[in-house]
Amino acid sequence: MPDLIAYYRLSREKKRGNGHAAQPAWGWSLESQQSAVEALARERCVGILTSYQEIETGKRADRPELAKAIAHAKRARATLVVAKLDRLARNVAFTSALMDSGVDFVACDNPHANRLTIHILAAVAEDEARRISERTKAALQAAKRRGVKLGAARPECRNLTDKARRKGTKASAAVVKQQADEAYVDLRDFFAALRPAFSYQQIADILNLRGERTRYGKPWTDVAVLRACRRLGIGSF
């Protein structure tokens, strides 16, 4: 089994009582999660490369530390590990991020829950999407029977114009750029700290000594560091 990248999630809820202001109430403690991950690492005789932790609130949809953990795990070809699988099925951001990343995944409290589990959850979501699609089609057919013009019958719906094609090409390029930008999100702070005092080649040497690889699985070079910093908006060029 590959080495591990740990992701620790701290849930915070608001509690009020006796007229006191809201106070954070923590679920599984950080120490408990760390102990569970360390026990799994010992059991499987693997190392923990690094860890990322995040405070998750109900209103928060983005997971910057999770994005860093996934990027690191994907680049290092490591397994992403969490201590507890709870609320995974209801955490759309987490599920989507894992599905899109392609990284291997394991939960300490349910070691059989891996990417297969994520695929099952995605299959459930896909089934729901299919049901919604069927209901939508039925509604459109009913509208058509009432004489409502649909699709190509509407004046504004014609073959794609050159402008629309250019828009599609631009959108595809944006997706490719986003994937490249996200590949090194976990190294942003590292680059920002070293760039003022070190050259691109020196930073590349440090990364290689740490066993880091580029998103293509190759050793770091000064050019690769320059491009990564440029994408992350770090340093002068």
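Each reported figure results from applying straightforward, stated rules to the coordinates on display, with no laboratory input. Here the structure is a predicted model, which is why all the values come from computation and not from measurement. All Cβ positions, glycine included, derive from the backbone under ideal geometry; neighbour counts span all protein chains shown.
What FRET efficiency do you get for residue 192 and residue 120 if R0 is 41 Å and r is their Cβ-Cβ distance, rounded to the nearest 0.05?
Efficiency, from the Cβ-Cβ distance: 0.55.
When a/c reaches 1.5 or more, the comparison of a/b and b/c decides; with that in mind, is segment 179-232 rounded, prolate or oblate per its Cα gyration tensor?
oblate
Arrange 134, 38 by Cβ neighbour counts within 10 Å, fewest through most, would you?
134, 38
List every residue whose amide H lies under 5 Å from the amide H of residue 104, counting only residues 5 or more places away in sequence or on a different chain, with H placed 1.01 Å from N in the peptide plane.
80
In what order do 214, 169, 79 fall by count of nearby beta-carbon atoms within 10 Å, going from fewest to most?
169, 214, 79
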